[in-house]
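Quick note: the coordinates plus some simple rules give every number you see, no bench work behind them. These figures come from a predicted structure and were not determined experimentally. Virtual Cβ from ideal backbone geometry, glycine too; neighbours counted across all protein chains shown.
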Amino acid sequence: MVKDGGNRKVVAENRKARRNYEIDETFEAGLMLSGTEVKSLRSGKANIAESYASDEAGELFLLNAHIPEYAQASRFNHAPRRPRKLLLHAKEIHKLMVGIQREGMTIVPLRLYFNDRGIAKLQIGLAKGRKIHDKRQVEKKRDWERQKARLMREKS
C-alpha cells in the first residue's frame, strides 16, 4: 500500500487508464464488500487493471476486479472476481448512465484506496476510448511540454 498526497492509502491503481482513455469526469464510489475482502485489501493486494463498471437493472457493478482470497478465512472466503456493487448517489448514477447510453462512453476504475476514515473507496472515471494515433499525439504533446519546461529552466 502506498500513501497518496491526501490521507489515503492506495491499494490498487489502474495506470493504463489515463493512457487508453480520455477521462472527462471522475467520481468517488463506495464498494459493497464482505469482511474477508476488506481484510485482503488491507494487506495491499488487489488488481483493477482489467476491470470495468457495468449497468445492471439501474445499479452499477464493478466487474472483473481481482481481490485475492484472504488466507486465514478458511471456508468463509469470497470469490476473487465476483461482481461488486458500486455505491453512488442517484444523480451520479443517472449522469453515468446517460454518458454510457447516449455518448458511448465507458466507466473505468482509476484507483482503489482507503479514505481517511478507513473506508474502501473506488475512484471511477467517465471516459472515452482513445485510438492509437490519439495516444501518439498525447505522448508527443507531453514530451514537448517536458522539453519546453527544461529549456525554460536552463534559460533562467
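By the rule of a C-alpha distance below 28 Å, with chain neighbours fewer than 8 residues away ignored, the lysines paired with Lys39 are Lys3, Lys9, Lys16, Lys85, Lys121. Our note on the geometry: Cα centres of segment 102-156 and segment 63-84, 29 Å apart. By the count of other C-beta atoms within 10 Å, a proxy for reagent exposure, Val138, Val11 are ordered fewest to most as Val138, Val11. In this structure, the amide hydrogen of Glu25, modeled 1.01 Å from its nitrogen in the peptide plane, lies closer than 5 angstrom to those of Leu126, counting only residues at least 5 positions away or on a different chain.
The charge dipole of the chain, taken about its Cα centre with unit charges on the Cβ of Lys, Arg, Asp and Glu (plus for the first two, minus for the last two), comes to roughly 740 debye. May I ask which residue of Pro109, Pro83, Leu60 lies farthest towards the positive end of the charge dipole of the chain, with charges of +1 (Lys, Arg) and -1 (Asp, Glu) on Cβ and the Cα centre as origin? Farthest towards the positive pole: Pro109. Close amide H partners of Lys121, meaning residues 5 or more places away or on another chain with modelled amide H under 5 Å apart, are Tyr113, Phe114, Asn115. Across His94, His133, His78, mean-square fluctuation computed from a Gaussian network of the chain (C-alpha pairs under 10 Å connected) peaks at His133. Note on the chain: GNM, Cα springs under 10 Å; of Val98, Val38, Val108, the largest mean-square fluctuation is that of Val98.
Close amide-amide hydrogen proximity is noted between Met105 and Ile100, each under 5 Å apart and 5 or more residues distant or on a separate chain (H modeled in the peptide plane; Pro and chain starts excluded). Equivalent ellipsoid of segment 66-156: semi-axes from √(5λ) of the C-alpha gyration tensor, largest first, are 37, 22, 15 Å. When each of Ile119, Ile48, Ile100, Ile124 is scored by the number of other beta-carbon atoms lying within 10 Å, the sequence from fewest to most is Ile119, Ile100, Ile48, Ile124.
Every helix of 4 or more DSSP H residues in the chain counts as -39500 (n - 2.57), and over all residues that averages to -9500 deg cm²/dmol at 222 nm. Its alpha carbons give segment 2-130 an Rg and a Dmax of 14.5, 46 Å.
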